[in-house]
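The block underneath contains the structure these notes are about, expressed in structure tokens.
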Amino acid sequence: MAKRRGSVGLDFACFGMDGRKARRTSLCSAEVFEKGVLLEGKVAEGARSEAELSQLEALLKTHPMFSALTAGTRRCLFDLMRVQSAAAAEVILKDGETFEDFCVLKEGEVVEQADGSPPKTPRVWGDLCLVQHVQCVSHATFTVTMPSTIWRLPGKVFRDASREAQERRLSLIMTALNEANLPPGKEEARPSLSDAFQNVCVGDGCGLLVGDTSTAFHVLLEGTVQKSDGTTLTAGCHFNVECLRGDGGKGSSHYTALSRAECAVLSAADYQAATVEDCDTEEEEDRDANV
């Protein structure tokens, strides 16, 4: 069975007065932070600096929960983190206490001590609240060993963003597949095909794909892309469907990112594997029904 990898995506970028991404607000939830306090219907008072965003991205882009998000979604969530300062020897979470925040150590040191286990010095902790809807209970004590700064993100903010981002990503992919004029007999595979897409991110000015060397169908999730004929594509646009048509066709145009762009990408090989698997499943169901 082919391994299917999916991820979620949502463009949270909100441009400031100088035209750069100086402030980002969540389009998926009315609950955001203002001055470290969770408020309803407010906009984040400020945004992380580019250095802070880069630090958080380096720490969390491979984290199991954050790696499934697009770079734009992660940056939005980073902006919504509040900052906590802690003094040396301060206990920030005790064994048996409940917690609701996912934490990332910005600077300093925190020691995690659980009964019967050697001490650890984590950079992140509180992962369980990202997936669990009830209050989580700590099974360790976390103590600051030197003056430290900690970023905190409520699990509910993450879960809301993740859920609505996933719904938007799925909607963009399904709309693109519906418009793609798939070969006859392949239409019923569309729902399962959404799981076979992978996210690909490219920087400003980078080539997203080079015409006839590409064998992947692209759905633009974030950013702006320019086609070689000068056409500008924005979120929701799709291109290079020729590679899925089964006749060896490939796109003839070049596409360049005009800003940091992220696409959901379905390779021709993954497309074939997903549709064959879907057909095999239907045949098995038919045989079972006839037994």
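Extension gain for residue 117-residue 253 works out to 43.2 nm (0.36 nm per residue, less the C-alpha to C-alpha distance). Considering segment 54-201, its Cα convex hull presents a mean projected area of 10.8 nm². With semi-axes defined as the square roots of five times the eigenvalues of the C-alpha gyration tensor, the equivalent ellipsoid of segment 77-127 measures 20, 13, 11 Å, largest first.
The stretch between residue 163 and residue 146, if pulled fully straight at 0.36 nm per residue, gains 2.4 nm over its current Cα-Cα span. In plain terms, the chain from residue 62 to residue 200 could stretch by 48.3 nm, reckoned as 0.36 nm per residue minus the Cα-Cα distance.
With a simple spin-label model that places each label point 7 Å from the Cα along the Cα-to-Cβ direction, the separation between residue 178 and residue 234 comes to 2.0 nm.
Simple spin-label estimate for residue 227 and residue 128 gives 5.2 nm between the two label positions (7 Å along the Cα-to-Cβ direction from each Cα). Under the simplified labelling scheme, the residue 83-residue 52 pair shows an inter-label distance of 0.5 nm, with each label point 7 Å from Cα along Cα→Cβ. Working ranking of peptides 92-105, 259-272, 50-63 by packing, defined as the average number of other Cβ atoms within 10 Å per residue, highest first, is 259-272, 92-105, 50-63.
Taken together, the values in this text are just the output of simple stated rules run on the coordinates, not laboratory data. These numbers come from a predicted model, not from an experiment. Quick reminder, even Gly has a Cβ in these numbers, built from the backbone with ideal geometry, and neighbours come from all protein chains shown.
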